[in-house]
1. Among all residue pairs at least 6 apart or on different chains, which show Cβ distances below 7 Å where the first residue, located in region 108-128, is without any contact (Cβ under 8 Å) to a residue 60 or more places away in the chain and surrounded by 14 or more Cβ atoms within 10 Å (Cβ to Cβ) and the second is of a type in the set (V, I, T) and in a helix (DSSP H, G or I)?
2. State whether the residues of region 81-96 include one that is part of a strand (DSSP E or B), of a type in the set (S, T, Y) and in contact (Cβ under 8 Å) with a residue 12 or more places away in the chain.
3. Condition (residue is part of a strand (DSSP E or B), among the small types (G, A, S), in contact with a helix residue (DSSP H, G or I) (Cβ under 8 Å, 6 or more places away or on another chain) and at pLDDT below 95) applied to region 50-59: is it met by at least one residue?
4. Looking for whichever is over 29 Å from V148 (Cβ atoms) and β-branched (V, I, T) here; the options are V56, V43. Which one fits?
5. Can you name the residue in region 127-148 that is closer than 14 Å to L108 by Cα and of a type in the set (A, V, I, L, M) and is also farthest from the chain's Cα centre (by Cα) among such residues?
6. Being among the charged types (D, E, K, R) and either within 17 Å of Y25 (Cβ to Cβ) or touching a Leu at 6+ places or on another chain (Cβ under 7 Å) (or both) is true for just one of E40, E68, E80, E52. Which residue is that?
7. Among the residues of region 41-84, write down those that are over 19 Å from I106 (Cβ atoms), over 15 Å from the mean Cα position of the chain (by Cα) and among the acidic types (D, E).
Amino acid sequence: MKIRSYTAEDLDAVIAIFRSNVPKYFGSGEEQGLHDFLRETRVEDYYVVEAEGRVVGSGGIALNDLVEPTVSLCWGMVREDHLGTGLGKLLTEFRIGLARDKYPGIPLTVSTSQHTQGFYEKFGFRVTEHKPDGFGPGIDVCKMRLDV
């Protein structure tokens, strides 16, 4: 497996990964937000995971310029047929390490669903906010934080 920087040529593969996770992990209405994100300059910190020459995962980080800055793990996903293979763990460990190297001392956040809340808890994230059906019917918003 190889993690490398996202390029515009990866767009179709990343959208296919997203779609493979609808409707359990993402609502179909979120796809436009992913398109918008991938067109922004913030994609300098967005990565893809390749296995056997195919893009099977993606995710990034983004600095949030708030009163109290945080770093978000954003748009992390693994193609549905690769769930449970360790790719998500590899990608998450990579992003946490990247965030800590690039933005030392700044807490990490992730907005995820109840379906992956337990996954992030294994890395030390704790729920700070929960909104039922926040991403869509049956997909709650679980905002989580990992302090340094």
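The values are calculated or read from the model by the stated rules, or taken from the named source; none is laboratory data. Not measured: the values here are computed from a predicted model. Cβ atoms come from the backbone with ideal geometry, glycine included; neighbour counts cover every protein chain shown.
1. Within 7 Å, the pairs are L108/I96; F123/T92; F123/I96.
2. no
3. Yes, region 50-59 contains a residue that is part of a strand (DSSP E or B), among the small types (G, A, S), in contact with a helix residue (DSSP H, G or I) (Cβ under 8 Å, 6 or more places away or on another chain) and at pLDDT below 95.
4. Going through V56, V43 in turn, just one is over 29 Å from V148 (Cβ atoms) and β-branched (V, I, T): V56.
5. V148
6. E80
7. E50, E52, D81, listed by residue number.
Rundown of residues vs (1) hydroxyl-bearing (S, T, Y); (2) touching a strand residue (DSSP E or B) at 6+ places or on another chain (Cβ under 9 Å); (3) closer than 19 Å to R4 by Cβ, yes/no style:
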site	(1), (2), (3)
D45	no, yes, yes
V56	no, yes, yes
C74	no, yes, yes
I106	no, yes, no
V110	no, yes, no
G136	no, no, no
